[in-house]
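To start, the structure under review is shown below, and the notes come after it.
Just so you know, all these numbers are worked out from the coordinates, no wet-lab data involved. These figures come from a predicted structure and were not determined experimentally. Heads up, the Cβs are rebuilt from the backbone with ideal geometry, glycines too, and the neighbour counts pull from every protein chain shown.
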């Protein structure tokens, strides 16, 4: 019996994948998403100073058009740190896709994930292009989600519909990633397609907002990849009034749906984090401003000592307050409260003793829990989603290439 | 046969340790260092916003006097996040030592390392005080070095002499620490005693410089403790002309000796880092300024992906350049060179292929090596010392309290 998501469709989009031989012979490693009509397009890319060639190309294409009609993705080689040769390869790939689909090359978004520093072979792309076009079908998204996997253990997809003044609009998203950088297999990638009609500038601003509270609010190991990319294509097939006014009810409703979908995908990435056994939400509240809240939550969520304690199911609040102390955030130690779910461990900077610790340990035995740190000095808050830090993380990352 | 260091002495200093029962019954857990005469004193303390009670007390004492005559240390409990009760305990301890040694309480430096959030019991200190005084002897430093250990697997001591215009001056240092924070057993502590005569202000500035290139240039896991403390006492027994003029030859010579001793101790800490199997020097050069050089080296030295690759003996330069990319430092990717010892892996941002990778892998099999990253955009450089990241790190930190 097919999984329900196997048959999901988004009007006007087709997708497919092939075995191009980049990652051995018997593995889907190149995927294609195609919109029958020109779509508004938005992208959010890695903040790393070292950007992979396809990232640079996609930024150039989006800047020129604000539109796109196809996304091609390969796994196996990231095309990062590959110099001018890598840039020509990315351009060549866009040209091949453009020719095959009879669209301008600059309407193609090229994405790669895999080993840094190795060159891709353009002939592998030219040889698979015919088969890739043939593979396109309305229900092909799951094959793309498979082709973009590296050390991911599961495909990550999400589906939503939303009613915009009587028109039902569909969103389908897929993502890959299991570390901020995978074991030499770089990258978090996310693709979202929708039949909504949205003005390109509006699309870019809503994606940026959405990514902030989802993909940019997760951390597996604090590393950022050279290839991180989230793309959103909206082709207008749903026939809704084009979204442009951020104050309109439809605009707000669509953004909310997009936010939910992005957070859904982002949490799937954390849960599939390398070696992860637990999903942990670090919720800092009562901070003086949003920046400090974010900084405090990120420092705690990235602390190896905090994360190994989670793995060991040890309600070790000393490590949390120590991470807070070095975060650079201004706070008064004697005001801090710390809870695990609804079990308070620390009140006004002091531990509440063994009884509470036992209750907190029970919370830590769950697959998912929230750590709440209340600084009680302001009204800002932030949530960062992370996983625990297990023996398997080290195994995966030390043994990968051997 | 006794180790040579067991008999080392510094004129005018005595030291000793006892089993006070803070960490079980049969373990040295309180140590004392005593100078027969008033000594110039300097201290460098944790930059954490959350400072343990003894750290706050020591800062107050040093600020008042610039002098000290005793250092007491306990392991087992850090006296951090202990509020007003913890502060009174630290003051009480200083008073007990002062009464026993017949010196003012504010000439006592109090240091603690251990569990965060638990209260020490003053009666354990008052009961052991007589025995502690009796334990004092010229060759007692190694017992103090033992009493301050937590998850350290070896005692860390260093000894140097230097000729200052015909007077032989002695320095003896000891340190503890195996993570920036130990598994709930916080802290890096370092004590250095010397019979040099040094003006207190000069002593403070030379210690600060020395710590910068030694204790502050190491990282095991990127965490900072609530209790980090380095103290330097100089009692003048050597009879040298008091060091005050930073331009004098003696001053420079003493500083050089102090720098060497601090780096020696700091590297012992890295080598004994939790689960560490390799000592890695990350050397960034050609940076636009010193701050950028430091930031780049620190980001690489703290990257879990880089450190697990070292553990796996995988010459994975992609992870190094990815860490560099997210460090926030300005550089041109197409200029970067990366070498492991004298094996160049990357030139002008591009990998040099499989042959060089094989040679680099041989370098990684050593116990110690240097990774050189040349940004070729300026003249500044920085060295950060770190260890690899092994399965044992996670085991130690996940299992500690269970």
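What does the highest-first list of A:321-329, A:40-48 look like by mean Cβ count within 10 Å?
A:321-329, A:40-48
Using a label position 7 Å from Cα in the Cα→Cβ direction, what is the ascending list of nm distances from residue A:139 to the same site in the other copies?
8.5
Highest mean first, how do B:23-30, B:108-115, B:86-93 rank when packing is the count of other Cβ atoms within 10 Å averaged over residues?
So the order, starting with the most tightly packed, is B:108-115, B:86-93, B:23-30.
Above 27 angstrom, tally the Cα pairs of region B:4-271 and express them as a % of all pairs, no decimals.
Counting pairs separated by more than 27 Å, the tail of P(r) holds 29 percent.
In degrees between 0 and 90, to the nearest 10, how far off the longest principal axis of chain A does helix A:317-326 point, with axes built from Cα atoms?
The two axes meet at around 70 degrees.
For helix A:83-101, report the angle its Cα long axis makes with the longest principal axis of the Cα atoms of chain A; keep it between 0 and 90° and round to the nearest 10°.
On a 0 to 90 degree scale, this one is about 60.
Compute for the protein assembly as shown: radius of gyration divided by Kirkwood radius, i.e. Rg/Rh, restricted to C-alpha atoms, rounded to two decimals.
The Rg/Rh ratio comes out at 1.04.
In nm, what is the difference between 0.36 nm times the number of residues separating residue A:354 and residue A:199 and their Cα-Cα distance?
Full-extension gain reported as 50.1 nm.
Over region A:1-66, what relative contact order in percent results from Cα pairs under 8 Å that are six or more residues apart?
Over region A:1-66, the number comes to 23 percent.
List the distances, in nm and shortest first, from the label point of residue A:353 to the matching label points in every other copy, placing each point 7 Å from Cα along the Cα-to-Cβ direction.
Here residue A:353 shows inter-copy label distances of 7.1 nm.
Working out 0.36 nm times the residue gap between residue B:290 and residue B:38, then minus their Cα-Cα distance, what length gain in nm do you get to one decimal?
86.9 nm
What nm distance separates the two modelled labels at residue B:19 and residue B:244, each placed 7 Å from Cα along Cα→Cβ?
Placing both labels 7 Å beyond Cα along the Cβ direction yields 5.0 nm.
For residue B:59 and residue B:7, what does the FRET efficiency come to when R0 = 56 Å and r is the distance between their Cβ atoms, rounded to the nearest 0.05?
0.95
Normalised by the residues of region A:279-399, what does the relative contact order come to in percent, with Cα pairs under 8 Å and at least six apart?
46 percent
Just tell me how shielded B:111-119 is by partners: mean number of partner chain Cβ atoms within 10 Å of each residue's Cβ, no decimals.
So the per-residue partner count for this stretch is 3.
Given the Cα-Cα distance of residue B:213 and residue B:138 and 0.36 nm per residue of separation, how much length would full extension add, in nm?
Difference between extended and current length: 24.0 nm.
Measure off 7 Å from each Cα along the Cα-to-Cβ vector at residue B:26 and residue B:88, then give the distance between these two points in nanometres to one decimal.
3.6 nm
What does the copy distance list look like for residue A:370, label position 7 Å along Cα→Cβ, in nm and ordered from shortest?
List, nearest first: 5.1 nm.
Give me the percent relative contact order of chain B, please, defined on Cα pairs under 8 angstrom at least 6 residues apart.
Here the relative contact order equals 17 percent.
For the pair residue A:367/residue B:367, report the inter-label distance in nm, with labels modelled 7 Å from Cα in the Cβ direction.
4.6 nm
Please compute, for peptide B:299-307, the average count of beta-carbon atoms on other protein chains lying within 10 Å of each residue's beta-carbon.
Across B:299-307, the average partner-chain Cβ count within 10 Å equals 5.
Counting only other chains, what is the mean number of Cβ atoms within 10 angstrom of the Cβ of each residue in peptide B:380-389?
Counting Cβ atoms of other protein chains within 10 Å of each residue's Cβ and averaging gives 1.
Helix A:354-364 versus the longest principal axis of chain A: what angle, 0 to 90°, nearest 10, using Cα atoms?
For helix A:354-364, the angle is close to 10 degrees.
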